[in-house]
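Only one structure is covered here, and it is reproduced in the block below.
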Amino acid sequence: MSLIRKTALWALKSSAWKNTSKWIRGTERWNRLEDEYDGSYVKAEVVVYFGDRSSKFYQLEQWIPVLEELHKEHRVVIVVRKGSALTSVLETTHLPVVFKRRFDPLQTFYHANDFKLALYVNNGMTNFQSLSFAPMVHVHVNHGESDKLSMVSNQAKAYDKVFIAGEAAVERHRRALIDFDESQLVRVGRPQLDIERPLELEPSSARTIMYAPTWEGENDANNYTSVDLFGPQIVEAVLRIPDARLIYKPHPRVETSKDPEMVEANARILELIEAANSPIVDGTLQHQVLMQGDILGMFDTVDLLITDISSVGLDFLYLHPNKPLVLTDRRNDSETLNAEAPISRATPLINESTIDRVESLISEMLNHDSSVEVRHELRRHYFGDGEPGSSSVLFTEAVSRLIADRTVALESFHTESVNAEADDE
């Protein structure tokens, strides 16, 4: 065998060539998908932009039912930039979907259509490539209502409007931002919570207590989880309460956490629940671990919720202000927490000083809930006066108003200028 032939065969078998070949095949696949979902025949008024991978798809997913309703009034198209996100969207909705991996095809697509408004569910770094298109009105809607630090970003200044739930969000922006025009804020309540959901948690004769902690966040400032500090102790306390069942429903990213303390605490919680279930024969009385599923579809069955500072507690407050709610405070600073998260003023707090009394604290809340009136006041503070259903009306009206205003503005708008840099991967 010639040296040239040997060298060629070696190259074909090498890991470098295999990786290159895999990349070529992958590129061909994405090219085919871009051709298939190029949006040539899309007729829409509203673009829903999502530039991230499927690991963050939950941020868009909670908006899908709302967008499907909006589609009946204003045609919607979802624009994705990553292949994994495309797969997730196609599995979730029948709304039109467009796949644009690179900047230039994205801008060409925008220029070729008559879109009036774009919605953004997060602050992904590629949002700015979409924001460079001037004819659309750009609206940030975020992916929940929460008192987490990450709920407000200086990037809010880049959008034409920011849809928020209520007065608490106004105060949140006021505290966090300098030189921010509050007229950009539009109150729409929480339309994601107006969608009817099938019951996801079987009722039980036992009192149902849900422990729904959040994950540890990207950094310490955004870390609100109780799993590593208090999780096993909370679970042990709930398991001791008679005639009660525990539902453990953590944030999806708790299960995939790489933090050793989170991993250890989560594993310990699972062990405790498994051991507690061993003598219980009746399935409706058994404690449950629900890593997946729509938590909003479980709330109707829950009698008391224990959670951290996140959107979960506020969603529960919106839907069930008459049900008791308990929050955790990993920083043991109730004064600061009360200022930054007003909901904490209406709930008992689990922290270093109260963790040994969790069982009695929860039993007291189940038997004598004295915070109902305060919770109703705070619900108005966060979401306004409307009942479930009103937020969807506010959201659609706000979108319609912005589209109508932009349509008029575009009659005298004729520039084709785009000043943006492509940073395609």
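Considering the conditions (1) in a loop (DSSP other than H, G, I, E, B); (2) of a type outside the set (A, V, I, L, M, F, W, C); (3) open to solvent by 60 Å² or more (accessible area, probe 1.4 Å), residue 174 is excluded by exactly one of them, (1). On the stretch given as region 116-133, residues that are in a helix (DSSP H, G or I) and either surrounded by fewer than 21 Cβ atoms within 10 Å (Cβ to Cβ) or among the basic types (Lys, Arg) (or both) total 2. Note on region 244-264: residues that are open to solvent by 70 Å² or more (accessible area, probe 1.4 Å) and not in a helix (DSSP H, G or I) amount to 2.
Mind checking whether some residue in region 98-115 is β-branched (Val, Ile, Thr), open to solvent by less than 10 Å² (accessible area, probe 1.4 Å) and part of a helix (DSSP H, G or I)? The answer is no; no qualifying residue exists. For region 134-168, the candidate set comprises residues that are more than 19 Å from residue 191 (Cα to Cα) and in a helix (DSSP H, G or I); within that set, the residue that is least open to solvent (accessible area, probe 1.4 Å) is 156.
Going by the structure shown, is residue 376 in contact with an Asp or Glu (Cβ under 6 Å, 6 or more places away or on another chain), open to solvent by 30 Å² or more (accessible area, probe 1.4 Å) and either among the β-branched types (Val, Ile, Thr) or assigned to a helix (DSSP H, G or I) (or both)? Against the criterion (in contact with an Asp or Glu (Cβ under 6 Å, 6 or more places away or on another chain), open to solvent by 30 Å² or more (accessible area, probe 1.4 Å) and either among the β-branched types (Val, Ile, Thr) or assigned to a helix (DSSP H, G or I) (or both)), residue 376 does not qualify. Screening region 200-243 for residues that are in a helix (DSSP H, G or I) and among the acidic types (Asp, Glu) and picking the one that is most open to solvent (accessible area, probe 1.4 Å) gives 220.
Can you name the residue in region 71-81 that is within 19 Å of the chain's Cα centre (by Cα) and open to solvent by less than 10 Å² (accessible area, probe 1.4 Å) and is also nearest to residue 192 (Cα to Cα) among such residues? Result: 78.
Please specify each residue of region 265-297 satisfying the condition of being out of contact with any Lys or Arg (no Cβ under 9 Å at 6 or more places or on another chain), of a type outside the set (A, V, I, L, M) and surrounded by 13 or more Cβ atoms within 10 Å (Cβ to Cβ). Within region 265-297, 266, 268, 277 meet the criteria.
Screening residue 61 with (1) out of contact with any Leu (no Cβ under 6 Å at 6 or more places or on another chain); (2) modelled with pLDDT of 95 or more; (3) open to solvent by 10 Å² or more (accessible area, probe 1.4 Å) gives one miss only, at (2).
Residue-wise test of (1) out of contact with any Ser or Thr (no Cβ under 6 Å at 6 or more places or on another chain); (2) modelled with pLDDT of 95 or more; (3) open to solvent by less than 10 Å² (accessible area, probe 1.4 Å); (4) in a loop (DSSP other than H, G, I, E, B).
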residue	(1), (2), (3), (4)
313	no, yes, yes, no
323	yes, yes, no, yes
337	no, no, no, no
370	yes, no, no, yes
387	yes, no, no, yes
391	yes, no, yes, no
394	yes, yes, no, no
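Return yes when residue 53 is of a type in the set (D, E, K, R), more than 24 Å from residue 190 (Cβ to Cβ), open to solvent by 50 Å² or more (accessible area, probe 1.4 Å) and under 26 Å from the mean Cα position of the chain (by Cα) and no when it is not.
Values: of a type in the set (D, E, K, R): yes; more than 24 Å from residue 190 (Cβ to Cβ): yes; open to solvent by 50 Å² or more (accessible area, probe 1.4 Å): yes; under 26 Å from the mean Cα position of the chain (by Cα): yes.
Criteria met by residue 53.
Do we have any residue at all in region 192-199 that's over 19 Å from the mean Cα position of the chain (by Cα) and either over 23 Å from residue 69 (Cβ atoms) or at pLDDT below 95 (or both)? So far as region 192-199 goes, yes, one or more of its residues are over 19 Å from the mean Cα position of the chain (by Cα) and either over 23 Å from residue 69 (Cβ atoms) or at pLDDT below 95 (or both). Return a yes/no flag: does region 111-130 have any residue that is on the phi > 0 side of the Ramachandran plot and in contact (Cβ under 8 Å) with a residue 12 or more places away in the chain. So far as region 111-130 goes, no, none of its residues is on the phi > 0 side of the Ramachandran plot and in contact (Cβ under 8 Å) with a residue 12 or more places away in the chain.
State whether one or more residues within region 407-422 are in a helix (DSSP H, G or I) and open to solvent by less than 30 Å² (accessible area, probe 1.4 Å). No, there is no match, as no residue in region 407-422 is in a helix (DSSP H, G or I) and open to solvent by less than 30 Å² (accessible area, probe 1.4 Å).
Evaluate the following for residue 344: is it part of a helix (DSSP H, G or I), surrounded by 13 or more Cβ atoms within 10 Å (Cβ to Cβ), among the hydroxyl-bearing types (Ser, Thr, Tyr) and over 27 Å from the mean Cα position of the chain (by Cα)? No; evaluated as a whole, the condition is false for this residue.
The values are calculated or read from the model by the stated rules, or taken from the named source; none is laboratory data. What you see is a predicted model, and the numbers here were worked out from it, not measured in a lab. When we count neighbours, we look across all protein chains shown, and the Cβ atoms used for this are built from the backbone with ideal geometry, even at glycine. In case anyone asks, the SASA skips ligands and DNA or RNA and just uses the protein heavy atoms, side chains included. Shrake-Rupley method; radii C 1.70, N 1.55, O 1.52, S 1.80 Å.
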